[in-house]
1. Can you tell me which residues in region 31-85 are open to solvent by less than 30 Å² (accessible area, probe 1.4 Å) and of a type in the set (Asp, Glu)?
2. Open to solvent by 20 Å² or more (accessible area, probe 1.4 Å), farther than 28 Å from Pro412 by Cα, of a type in the set (A, V, I, L, M, F, W, C) and part of a strand (DSSP E or B) - does that describe any residue in region 263-276?
3. Looking at region 381-401, which of its residues are open to solvent by 10 Å² or more (accessible area, probe 1.4 Å), away from the ligand (no atom under 15 Å from the Cβ) and part of a helix (DSSP H, G or I)?
4. Run Ser428 past the list (1) open to solvent by 20 Å² or more (accessible area, probe 1.4 Å); (2) touching a residue at least 40 places away in the same chain (Cβ under 8 Å) and report the number of the one that doesn't hold.
5. Given the criterion of a type in the set (D, E, K, R) and in a helix (DSSP H, G or I), identify the matching residue among Lys440, Lys424, Lys410.
6. Conditions first: (1) farther than 24 Å from Gln468 by Cβ; (2) of a type in the set (S, T, N, Q); (3) assigned to a strand (DSSP E or B). Thr282 passes all but one, so which condition is the exception?
7. Out of the residues in region 328-377 that are away from the ligand (no atom under 15 Å from the Cβ) and under 22 Å from Tyr470 (Cα atoms), state the one that is surrounded by the fewest Cβ atoms within 10 Å (Cβ to Cβ).
8. Look at Ile184 and say whether it is within 22 Å of Leu126 (Cβ to Cβ), at pLDDT 95 or above, out of contact with any Phe, Trp or Tyr (no Cβ under 8 Å at 6 or more places or on another chain) and of a type in the set (A, V, I, L, M).
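The values are calculated or read from the model by the stated rules, or taken from the named source; none is laboratory data. Keep in mind it's a predicted model, so treat the numbers as computed, not measured. Counting neighbours? That spans all protein chains shown, and the Cβs are built from the backbone with ideal geometry, glycine included. Just so you know, the surface numbers come from the protein's heavy atoms only, side chains and all, with ligands and any DNA or RNA stripped out. Shrake-Rupley method; radii C 1.70, N 1.55, O 1.52, S 1.80 Å.
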Amino acid sequence: MKKICFKSIAITLVLLSFLSVGVTAFATEQDFNGTNNLKIINAKSGLFLTWDAVEEATEYRLKRYDPTTDSWSPITGITKPYYQDYDVKNGIAYTYKVCYMNSEGVEKCFQEGVKLKCLYAPKITLSCTPNSVMIVWNTYSSASQYRIYRKLPSDKQWTCIRVVRDNKVNYIMDYNVINGQNYIYTIKQMDGDVSGSYNIEGFSTRFCKAPTVTSKHSPKGAVINWTKYNSGKYTYIIDHRSAVSPSWKTVGIVYDKGTYTCSFDNIDFGVINYFRVRLKNTNVVTYSTSVYGIDPNKPMVALTYDDGPLTSVTNSIVSTLKKNGARATFFVVGSRVNSYKGCLKNAVNAGCEIGNHTYDHYILTNYKQGTIKNQINKTNNAVKIITGKAPTLVRAPGGSFNSTVKSSVKYPLIQWSVDTLDWKYRKSSSVVSAVKSNVKDGSVILMHDLYKSTADATKTIVPWLKSQGYQMVTVTELMQIRGYDLKAGQVYYSAYKK
Ligand code: ZN
């Protein structure tokens, strides 16, 4: 049937150009019961119809009912018992009846119609990520599901690799791919039992492992790093987007390098900035990576909260931060995180950083290397299980460190420059005044998310800092943007302008 389909396209396209496809009333008598075995399928961006040949027919005519106009249109001049109807729109169920002209020039029709919803074949774009082929298609509200098929160039048959039951989802990742292998994909939309058409040739790509990409802040802008691709020499294109400039825009092009610094001119402050790296003349695209847009010329501070999490307090602080476009760093106690998963995730989702405050809040100077390492690793593992990311900063309980602690902890040790003593006074006003009288550009402020008084103080501190022009950033962001290299076993108190 597919071969016939191709031939009929050429024939019917020529014939169609002589026809006027308008709305006409029919005076034809309906002579026959049944449908004359009329069959309709979705094919080639339209509907393909076949019916049984009628011996006395000199010409076939189809009557098509369009529910959107509530009218029947004639399609005349058909010489063979099949027809490819392109004049149909996606998502509409058309009814057809078979008619024909006999040798006496009388039109005869079969009484019953056959109805089918027209479902177009979605168009596909393919790209390579570090470990998958990404298949993106145009969605249709008419679909109840999409079926994605794949084959190798040597395969005759398509294999259904995925069924997507949400018609708003417009992509999948195919992880079952081998570097250097060609794959062909096609997709059809389904509406219940009605099967849409698919592109017979499919869409082809070679899976080429994309470079993995990371980003960080620096005093000169956002540094985008990636692994060079297949160790060959390529031109890399760096694209940027954000909520302020939502479509991808190229900000940099480099040749045979694994790094690019996006200057602050191309960064949107106060929102997340996304970057991706493409290989020129290929469909190889990295996953995007992101940094928050921070203005290096405005003052900034890092609010830090230790000893938590604790649902009521942590959530209250995060909610204040969110309302003010601020973020903070929570140095958590590892033994607590499983009991307070929800607020930990909440903090991460709000763009906050999670730091490591040991597993049992041990004063590390009292312990040997093995215990110290164990305290740090257990906490990192517990956090990673919940948030997907292990902390990269440590704050020693009590701020106590010695040479054993410095050599045992394989992460930077973060101290503070403003101590609110919130744990001691448990009074919101004293926390507020400690911040107001001591804060300056580059401060790291110490608080604890265990006390309601601290959460209440945060409600005053955060809007006040904002009104003073401070950006409230994470510790890592503060150090990176001010050019403080974060190194294992080194101690940091603040990030004043150098
Ligand atoms: Zn502590």
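1. If the condition is that a residue be open to solvent by less than 30 Å² (accessible area, probe 1.4 Å) and of a type in the set (Asp, Glu), then Asp66, Asp85 are the ones that fit.
2. No: zero hits.
3. Asn381, Ala382, Lys384, Ile385, Ile386, Thr387
4. Against the list (1) open to solvent by 20 Å² or more (accessible area, probe 1.4 Å); (2) touching a residue at least 40 places away in the same chain (Cβ under 8 Å), Ser428 comes up short only on (2).
5. Working: Lys440 fails: in a helix (DSSP H, G or I); Lys410 fails: in a helix (DSSP H, G or I).
Exactly one residue qualifies, and that residue is Lys424.
6. (3)
7. Looking at the filtered set, the residue picked out is Asn349.
8. no
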